[in-house]
Amino acid sequence: MKNFKIFKGLVRKEFLHILRDWRSLTMLLGIPVVLVLLFGSVMTMEIKDANIAIVDHAKDHDSKELINLISTSEFFKLAKYLDTSDEIDEEFKKGSIRMAFVFDKDFGYKLHHEGHAQIQLIADGSKILTSPSLISYGKIIINQHIASKNPPSKAGYYIIPTVRMMYNKNLNGRYMTVPGIMSTVILLVGALMTSLSITKEKELGTLELLLSTPINRFLIMFAKIVPYLITSFISALSIIWAAKYVFEVPVSGSMGLLLLNTVLYILTALALGLLISTFANSQLTAMMITMTLLMLPTEVLSGMTFPTDSLPVVLQWLGKLLPATWFNIISKGILLQGAKSGSLWFETSILVLMVMVFYLWSVVRFKPRLQ
Amino acid sequence: MLKIAICHLPLKTKVMNQSKTTYSISVENLTKKFNDFVAVDKITFNVQKGEIFGFLGANGAGKTTAMRMLIGVLEPTSGKGEVASYDIFKNSRKLKKHIGYMSQKFSLYDDLTAKENMRFFGGIYGLTNKEIKNRTKELLNHFGMEHLEKERVSSLPLGWKQKLAFCTALMHKPDVVFLDEPTSGVDPAIRRQFWEMIYETAEGGVTVLVTTHNMDEAEYCHRISMMVAGKMIKVDTPQNLKNEYKLQTMGEVFLHLARGYEKKHAITES
C-alpha cells in the first residue's frame, strides 16, 4: 500500500510536468486535433465537377448527344472545346483540364453503319490518384448511354472507349514519390538542420560570444548555411540519380532546369531554417516549430500525398504558402510532362519571391544585439 | 593572499599618475529597460587603465545586463558609455576589436581542441596565421597549459576550461577584458590560480572588469561597485568600504548595504 501511495505521487508529478509544458500539451492535444481535421477533410477524395475538354471531330447528332450527357453529369464540367488532340498536352500542363474525350470524325456514321465506334478517353497520367477514377466515371456514363440506346429488341450501338494515360502510360506511382521525397529530404537537411545548428549555439552561449566580436552578423548566418547547402544539393543529386537508374523514372524535361529549381528550393529551405532559428531559443523548440509548422503541413498540403485539387479550398490556399507545393509542381512538370524552360516561370518566380522574403525577414530579426 | 596584497600597491601609484581623460571605461547614467522592468538603473562609474574593477551584487541585480551593454551585445535604453575610448552606441564594431569577453557559460567550442579554439577566435579578430601561432604558444606556455594544446575542450575539467577561455579572450591583446562570473562552480585552488592570471594581465596594462557574487573575490579587486536591483549604490576600494562600515569582510559589507537598501526602499514605498 505504501508503494501505491508513492506511485500516485509520481503519477501526479508527471501530470503536472505535462500540463505546465507547452510543448507536451501541443503534442498531446494540438497535433491530434489538427491531424484529424486535416485528414478528415482531405480524405474525401470524391470527384465532382472535374474540368474536362472535348475534341469533337464528328460534330454529329450522336456525338452531341453523348457530349450532353457528359457535360451535365455531376462528375464532369465541360471547360472547353479543343480543335485537335495535340492541344490536350498543353491544357494538361496548364492544369486547366484533367481529362479529355476525343470523337473521331466518323463517330456517328460508324455507329449507324457498323454498329460500333470508338471514343478516346485521355487522362493526365501524372495525377495517379484521380485519373483512374475519372476514367471510370467516363466509362460509366458511356455504358449508361449505351444501355439506354440498346433496348432488348434492338442491338448494335456500341461505343468502345480506348483509354490513354498521358505522360505515364502505366500509372507508375513513383513519379509522384520522387518529387515528394526530394522536397522532404531538402526540408529536413536544409531547414531542420540549419535551425538546430543556430539554436544550439544560442543554447551553449557561444552565439553571444561571437556577437561580442567585431565579426559581421551576416557572415555568421551565411557560414551556417554553407555546409547544409552543399549536403542538400548532394542529396538531391543522389535522389535524381536513383530516380533515373533505380526507379526508372526518367527526366523527360530539361535536367538543367530541374537542377536550377532544386537549388532554388534548397535556398528557400535554408532561409526558412534561419527564420525559424530567430524564433526559437532552444533546439527543442526549433525542432518542434520545424516539424509542426513546416514538415507536417508539407506532407499533407503540398500535393505529395494528396492531390491539391481534392483538398478543400481553404487548405489549398494554405498549401500555397509552402515552398514545397510550388517545387512539387515544378519538378513534376519537368520529370513527367517534359516541361522546358519557358513554361514554369510563374512557379519559379514564386520560389524566388519566397527566398527573398524569408531571408530579409531573418536578417531583420537576426539582430546583432540579443534582446 | 600575500601575493595578491602586494599586487595592490603598484596600481595605486599608477592610478595617481593617470589623467582623468584616459579612462578605460566611462559610463554615465546607463539604463536598460525591458518593457516596464528596469534591469539597469542609471549607473555611473569610471575605470582606469590596468584597473581590476569588480561588479558585485546578488543574482538578478543587473550585473550581467550591464556588462552586455558594454560589450555591444545589448542595446542600452539610455545613457552614455565609452569603452577603450569608443562610444558603445556609435562605434560598437570598432569597440569590439579592442575588448575580450568571457561569458558565464564558458563558451569555448566543446568539440574543438584548445588550439583550434584559439585559432578560430584569433582569425575572427583578424590576426595573421603567424600571429595566431605565436600568440597561442605564448599564452599557453605563459600560463602553464602547453600540454592542453591538442586536447578537446569537452575532456577538460571546469577549471582548465575557464583558464583556457581567458587565454582565448586575450588572443588579440585587447585593452579591456570583461569576465562574467569566471570562477563560479570552481574550487578555491583553481580560483586562486585564475586570479593570479588576472593580476598578471592587469599589470600588463589591460583593464579587467569582473562580475561576481563571491565576496572573497571582491577583496581581490582594486575597486568594486555594488549593484542592488539595477542601481549602483556604492563604488570604492574594498578597504575603504570595510573601514567606512567598520566591518571585517566584504561579505558583511555586502549584506549591510543590500539590507540597508532594501529597508530604505521598503520604507519609501509604504
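Scanning segment A:208-237 for residues that are at the interface with chain B (Cβ under 9 Å from one of its Cβ atoms) and in contact (Cβ under 8 Å) with a residue 60 or more places away in the chain yields A:208, A:211. Scanning segment A:224-244 turns up one or more residues that are of a type in the set (Lys, Arg), closer than 22 Å to residue A:357 by Cα and part of a helix (DSSP H, G or I). Here residue A:94 fulfils each of the conditions (1) over 28 Å from residue A:179 (Cα atoms); (2) without any contact (Cβ under 8 Å) to a residue 12 or more places away in the chain; (3) exposed (fewer than 15 other Cβ atoms within 10 Å of the Cβ) apart from (1).
Of the strands (runs of 3 or more DSSP E) lying entirely inside segment A:1-112, not one carries at least 2 residues that are at positive phi. Evaluating residue B:78 against the criteria (1) surrounded by fewer than 17 Cβ atoms within 10 Å (Cβ to Cβ); (2) of a type in the set (S, T, N, Q); (3) within 14 Å of another protein chain (Cβ to nearest Cβ) leaves one unmet condition, (3).
Test residue B:75 against the stated conditions and say whether it is in contact with a strand residue (DSSP E or B) (Cβ under 9 Å, 6 or more places away or on another chain) and in a strand (DSSP E or B). Taking the combined requirement at face value, the residue does not satisfy it. Counting residues in segment B:48-65 that are part of a loop (DSSP other than H, G, I, E, B), within 12 Å of chain A (Cβ to nearest Cβ) and farther than 20 Å from residue B:237 by Cβ gives zero. Restricting attention to segment A:317-336, does a residue exist that is in contact with a Phe, Trp or Tyr (Cβ under 7 Å, 6 or more places away or on another chain), over 24 Å from residue A:32 (Cα atoms) and aromatic (Phe, Trp, Tyr)? Checking segment A:317-336: at least one residue is in contact with a Phe, Trp or Tyr (Cβ under 7 Å, 6 or more places away or on another chain), over 24 Å from residue A:32 (Cα atoms) and aromatic (Phe, Trp, Tyr).
Summed over segment B:91-122, residues that are in a loop (DSSP other than H, G, I, E, B), touching a strand residue (DSSP E or B) at 6+ places or on another chain (Cβ under 8 Å) and not charged (D, E, K, R) total 4. Selection of segment A:166-207 for residues being within 14 Å of chain B (Cβ to nearest Cβ) and touching a Gly at 6+ places or on another chain (Cβ under 9 Å) yields only A:197. Among the residues making up segment B:94-133, those that are away from chain A (no Cβ under 11 Å) and of a type in the set (S, T, N, Q) are B:113, B:128, B:129.
Of the residues making up segment A:206-247, those that are surrounded by fewer than 14 Cβ atoms within 10 Å (Cβ to Cβ) and over 23 Å from the mean Cα position of the chain (by Cα) are A:216, A:218, A:219, A:222, A:223, A:226, A:227, A:230, A:245.
Read-outs: derived from the displayed coordinates by stated rules, not from any lab. The structure presented is a predicted model; accordingly, all values stated were derived computationally and were not measured. Please note: Cβ atoms are built from the backbone with ideal geometry, for glycine as well, and neighbour counts cover all protein chains shown.
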